[in-house]
């Protein structure tokens, strides 16, 4: 990557100070690790710097960052052989007992990973972020009926596998 | 948030400053009555402050954005770039760089205001999604977002306000319920004031005032003083001259930017 000019540096700094904390929170939520979340935040911002000239001026940078950070974290989770259960973090901070965490891990790794990235995004925005369907429509640009269809497919698949997202999250 | 009918995504976009004026006003109106959304916004602000304290831009910039191959490795022949010669090359580069640095320092396009004590303010502005260096010769328009940047040689408090042609005074403070208008300035160069000024469609210019002080200033006191000055003068340039001489508290220092508007 080329060194940034002073003008670009100011622009990136402005974006960093506005958006980085939200990206970091998101990465920490998905990766469950402070160090990995910081690395991921930096990687996502490097992607933003590269993509900035191509991002439509009318497009929401925040939507772009939500989508990119979600996909980046999933890419990292797929590469990891396994997730560690950190008893202190997961029981005290998240209130998740180990058996639920293990089930969540199964969902993330073996259940969500093979799905189409658009469906995965809808699932993450719904169950991890708690966004409503109209909000997800704004973020992703999908129609609400498409979002409902993705969620219905996901819930059906969950039910067939004996998993209940409602019990877990 | 769960029981609130408001759009959480909109609050997050309000937080990062992505909403247009009408949508932002709708969110602000909602925040006045919805405690859960207000708390959610405050949490976002608190997390941002904590995050930036732990991971300032400089740490990201140093680790990632500024990584590059040293140019002496790139351009000088490997035979010349022996470790023993590196100090010599560095010294030659420093000597060669002095006139260049001086030229940049004195001819920079960024408008700055220096005041007694060494503090310095400048600004960048965002128009149509693009950030540009601020210049006082620029004519600004409604919707332009002004981001104030300052150098602070010591840990002061800084307050930011603006006065338009009609004498309306606006304060910029991250916490709208705060009774003070100052925030800790931090110490260093190129520090960003937390929050930015979005110009409205009022006619005439906009006088931006940054007040550095040893202790936080009460909003009501500053407003009273500025109102009294504004009443005595008809033009913004006269108000600017009067405010520049005014002492808001013992040892306070004031920097101003007079922006022209369409």
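The values are calculated or read from the model by the stated rules, or taken from the named source; none is laboratory data. Just so you know, these numbers come straight off a predicted model, no measurement behind them. Cβ placement follows ideal geometry from the backbone for every residue including glycine, while neighbour counts extend to all protein chains displayed.
Observations on the structure shown:
- Condition met for residue A:23 (crowded, with 16+ Cβ neighbours inside 10 Å, within 20 Å of residue A:9 (Cα to Cα), within 11 Å of another protein chain (Cβ to nearest Cβ) and touching a residue at least 40 places away in the same chain (Cβ under 8 Å)): yes
- Positions within region A:138-169 being at pLDDT 90 or above and touching a helix residue (DSSP H, G or I) at 6+ places or on another chain (Cβ under 6 Å), in sequence order: A:144, A:147
- Applying the set (1) at pLDDT 65 or above; (2) surrounded by fewer than 18 Cβ atoms within 10 Å (Cβ to Cβ) to residue A:105 leaves exactly one unmet item: (1).
- Taking the criterion of being within 19 Å of the chain's Cα centre (by Cα) and not in a loop (DSSP other than H, G, I, E, B), the residues of region A:50-67 that qualify are A:51, A:61, A:62, A:63, A:64, A:65, A:66, A:67.
- Residue identified as farther than 27 Å from residue B:17 by Cα, at pLDDT below 85 and not in a loop (DSSP other than H, G, I, E, B) among B:244, B:225, B:234: B:244
- Only a single item in (1) modelled with pLDDT under 90; (2) over 24 Å from residue B:146 (Cβ atoms) is not met by residue B:112, and it is number (2).
- Residue check, residue B:52 in contact with a helix residue (DSSP H, G or I) (Cβ under 7 Å, 6 or more places away or on another chain), in contact (Cβ under 8 Å) with a residue 24 or more places away in the chain, within 8 Å of chain A (Cβ to nearest Cβ) and surrounded by fewer than 19 Cβ atoms within 10 Å (Cβ to Cβ): no
- Tally of residues being loosely packed, with under 15 Cβ neighbours inside 10 Å and in contact with a strand residue (DSSP E or B) (Cβ under 7 Å, 6 or more places away or on another chain) across region B:154-169: 2
- Filter result for residue A:54 (surrounded by fewer than 18 Cβ atoms within 10 Å (Cβ to Cβ) and under 19 Å from residue A:77 (Cα atoms)): no
- When residues of region B:134-144 are limited to those that are surrounded by fewer than 17 Cβ atoms within 10 Å (Cβ to Cβ) and within 14 Å of chain A (Cβ to nearest Cβ), the one nearest to the chain's Cα centre (by Cα): B:135
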